[in-house]
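A.B. asks: Please find one structure pasted underneath; my questions will follow.
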Amino acid sequence: MTRTGRTTLLAAAAVMTAAIVTEIGAEPKAAPTGARSVERGAYLVRIMGCNHCHTPYKMGPNGPEPDMSRQLSGHPAELAMPKAPALGDSPWAWIAAGTNTAFAGPWGVSFTANLTPDPETGLGKWTPETFIATMKTGRHEGKGRPVLPPMPVENLAHLSDSDIRDLFAYLQSLTPIRNRVPAPVDPPEAQ
Amino acid sequence: MRLALRGIAGTLALLSLATADATSRRTPGLRADGDPELPARLSETGLYEPERPGVVRAENRAFSPQYPLWSDGALKRRWIHLPPGTRIDASRPDDWDFPVGTRFWKQFSFGGRKVETRMLWKVAKARWLAASYAWNDDQTDAVLAPEAGVRGVVEVAPGRRHSIPSRADCAACHGTPGRPLGFAALQLSPDRDPNAIHGEPLSSEMLTLETLLREGRLEGAPPTLLSDPPRIRASSPRTRAALGYLAANCGGCHNKSGEISANVPSLAYADVMAGADAVAESLVGRATRFQVPGVPEGASVVVDPRAPAQSALLARMRSRRPSSQMPPLGTVLGDPQALEALAEWIDKDLAHQATASAAPPPPN
């Protein structure tokens, strides 16, 4: 190897070493971890279909569509649901509101939760750990009443903690919407 | 350069092989996550003498917390195993740190028959395994219940059946990585509350703070642990007993850990011991989002001395509807003895605060 070639190699090695040291020692130049987590959480919300139930549907020019002005704010508080029609011995086992935010079935009546970070009516006071515990146990805040159908808790229990943290980061980045979702209604035999 | 790259590739290949080898050759007795396999039968957990089912090993010590948890009226027996030569770090009175290898068992019987025995097993510095064993018809042994638990194993009242909890429900109360709940300074205090709701007699062989200290099984304990034993100091015996019950049955969740968002003061052992009357007062007139049946919307409070039966505290203890019962899991029956005792406590000890708390705090 010539002197010039050796010098070029050494210079390249120095640049590479400096780059590595810079990469390890400095703050990331790209999006910070928090932003990446929010971005990945948004992706997970899209592919997991969270909006299908937690964002109320409205009738648009092309049929039912999510009302994104109420994104992920759950069953609208002002929409008081009448008693669900009895399904009797019909093979129909459960029914849903047109908003796709209220469901009646053998479990009683469930209303989808407000997932926005409103401190009084949403997840504003929750922590990532509370959210993880809820997903993993299928119980409200990981300790309370059962999370009711049609929330697919059996599937969500298999999410990794990292995925759940990303979901939570995205939900916490949303605009808070004050919307107090009604409490679930127990099935008649439990009342 | 080419040689160097070949060297890196070779190293990566070796690492890859090593990883594949490690996953394919799981250590016998360990699960894929590294935790020990749970024994298939209760008789294999170390509770009983070998070949003598039902005879508890001498090193497994019985104990009885002074404020027991309500479990649908089950008759419960409890044991702890501490590995020989180990000690419990008792520097935090209500959050003892147990040595690795500690095991707890709790046996539940209904109608004179053993139904399940639950086990907590500390397998690492910050990791407990929880499991339950379902007793066979012959009452000779119990088998490991499935991870999802077993629904409705025994009828405990007409139309009401006790279930063996899922492991997720074990974690809901004991947490992750987990912790025992009824074995700490207040629960084992020699200054036992004679009015404790469902208080059990203490037999001579049972572990207490005294025996643990005498046998050198505690370290870091306050030097006054026996001269000034743990006690809920309250202005009345009813308040002492009521807060003991609430600490044991509610304090596992309603504490300062921040794990839940409910607007209820901390009922943890340490907090009720530090100021029982203040905790009791803070319950009076405290607004709650829970809607008590028969109370105008938005006017429900945790404790209402003017109408004790309409206190959310009692309404939720009484309810066994899935959406409103408290505690939210583990029981299918309300606790009639506790409901009566707490109603009397609210009526006789907290009534004087009704006027002072006329204006409720902001809702949660």
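A.B. asks: Scan the range B:194-217 for residues that are part of a loop (DSSP other than H, G, I, E, B), open to solvent by 10 Å² or more (accessible area, probe 1.4 Å) and not small (Gly, Ala, Ser) and jot them down.
C.D. replies: If the condition is that a residue be part of a loop (DSSP other than H, G, I, E, B), open to solvent by 10 Å² or more (accessible area, probe 1.4 Å) and not small (Gly, Ala, Ser), then B:194, B:195, B:197, B:198, B:200, B:201, B:202, B:205, B:206, B:208, B:215, B:217 are the ones that fit.
A.B. asks: Right, here's the next one. Among A:98, A:88, A:63, which is the only one that is open to solvent by 60 Å² or more (accessible area, probe 1.4 Å) and on the phi > 0 side of the Ramachandran plot?
C.D. replies: Details: A:98 fails: on the phi > 0 side of the Ramachandran plot; A:63 fails: open to solvent by 60 Å² or more (accessible area, probe 1.4 Å).
Unique residue meeting the criteria: A:88.
A.B. asks: Now for a different question. For the range B:324-336, does any single residue satisfy the condition of being more than 14 Å from every other protein chain (Cβ to nearest Cβ), touching a residue at least 40 places away in the same chain (Cβ under 8 Å) and within 19 Å of the chain's Cα centre (by Cα)?
C.D. replies: Step one: list which residues in the range B:324-336 are more than 14 Å from every other protein chain (Cβ to nearest Cβ), which gives B:335-336.
Still in the running and touching a residue at least 40 places away in the same chain (Cβ under 8 Å): B:335.
Within this subset, residues satisfying the condition of being within 19 Å of the chain's Cα centre (by Cα) are B:335.
Within the range B:324-336, one or more residues are more than 14 Å from every other protein chain (Cβ to nearest Cβ), touching a residue at least 40 places away in the same chain (Cβ under 8 Å) and within 19 Å of the chain's Cα centre (by Cα).
A.B. asks: Okay, next question. Return the total of residues in the range B:278-308 being surrounded by fewer than 17 Cβ atoms within 10 Å (Cβ to Cβ) and within 27 Å of the chain's Cα centre (by Cα).
C.D. replies: Final tally of qualifying residues: 2.
A.B. asks: Residues that are surrounded by fewer than 17 Cβ atoms within 10 Å (Cβ to Cβ): which strands (runs of 3 or more DSSP E) entirely in the range B:59-166 hold 1 or more of them? Let's see the steps before the verdict.
C.D. replies: Numbers: elements: B:60-62, B:75-81, B:103-110, B:113-124, B:127-135, B:142-144, B:150-157, B:160-164.
Fully inside the range B:59-166 and qualifying: B:60-62, B:75-81, B:113-124, B:127-135, B:142-144, B:150-157, B:160-164.
A.B. asks: I've got another one for you. I need the helices (runs of 4 or more DSSP H) fully contained in the range B:255-364, keeping only those with at least 2 residues that are modelled with pLDDT under 90.
C.D. replies: none
A.B. asks: Please go through the range B:171-184 and pick out each residue that is open to solvent by 20 Å² or more (accessible area, probe 1.4 Å) and within 11 Å of chain A (Cβ to nearest Cβ).
C.D. replies: B:171, B:173, B:174, B:175, B:176
A.B. asks: Kindly provide the set of residues from the range A:120-146 that are surrounded by fewer than 19 Cβ atoms within 10 Å (Cβ to Cβ) and either away from chain B (no Cβ under 12 Å) or closer than 21 Å to residue A:56 by Cβ (or both), ordered by number.
C.D. replies: Selection gives A:120, A:124.
A.B. asks: Here is a follow-up. Using the structure shown, decide if residue B:272 is over 26 Å from residue A:134 (Cβ atoms) and crowded, with 21+ Cβ neighbours inside 10 Å. Explain how you work it out, then say what you get.
C.D. replies: On the way: over 26 Å from residue A:134 (Cβ atoms): yes; crowded, with 21+ Cβ neighbours inside 10 Å: yes.
Answer is yes for this residue.
A.B. asks: Could you identify the single residue in B:248, B:241 that is hydrophobic (A, V, I, L, M, F, W, C) and either outside the structural domain of residue B:345 (by TED's automatic domain parsing) or under 15 Å from the mean Cα position of the chain (by Cα) (or both)? Show your work before the answer.
C.D. replies: On the way: B:241 fails: either outside the structural domain of residue B:345 (by TED's automatic domain parsing) or under 15 Å from the mean Cα position of the chain (by Cα) (or both).
Selected residue: B:248, the only one of B:248, B:241 that is hydrophobic (A, V, I, L, M, F, W, C) and either outside the structural domain of residue B:345 (by TED's automatic domain parsing) or under 15 Å from the mean Cα position of the chain (by Cα) (or both).
A.B. asks: Being more than 14 Å from chain A (Cβ to nearest Cβ), among the charged types (D, E, K, R) and in contact with a helix residue (DSSP H, G or I) (Cβ under 6 Å, 6 or more places away or on another chain) is the filter here, so list the residues in the range B:302-322 that pass it.
C.D. replies: Narrowing the range B:302-322 to residues more than 14 Å from chain A (Cβ to nearest Cβ): B:302-311, B:313-314, B:317.
Okay, now just the ones that are also among the charged types (D, E, K, R), so B:304, B:306.
Answer for the range B:302-322, where residues must be more than 14 Å from chain A (Cβ to nearest Cβ), among the charged types (D, E, K, R) and in contact with a helix residue (DSSP H, G or I) (Cβ under 6 Å, 6 or more places away or on another chain): just B:304.
The values are calculated or read from the model by the stated rules, or taken from the named source; none is laboratory data. It should be emphasised that the depicted structure is a prediction, and the values quoted were computed from it without experimental measurement. For neighbour counting, all protein chains shown are included, and Cβ atoms are generated from backbone atoms with ideal geometry for every residue, glycine included. Only protein heavy atoms, including side chains, enter the accessible area calculation; ligands, DNA and RNA are left aside. Shrake-Rupley method; radii C 1.70, N 1.55, O 1.52, S 1.80 Å.
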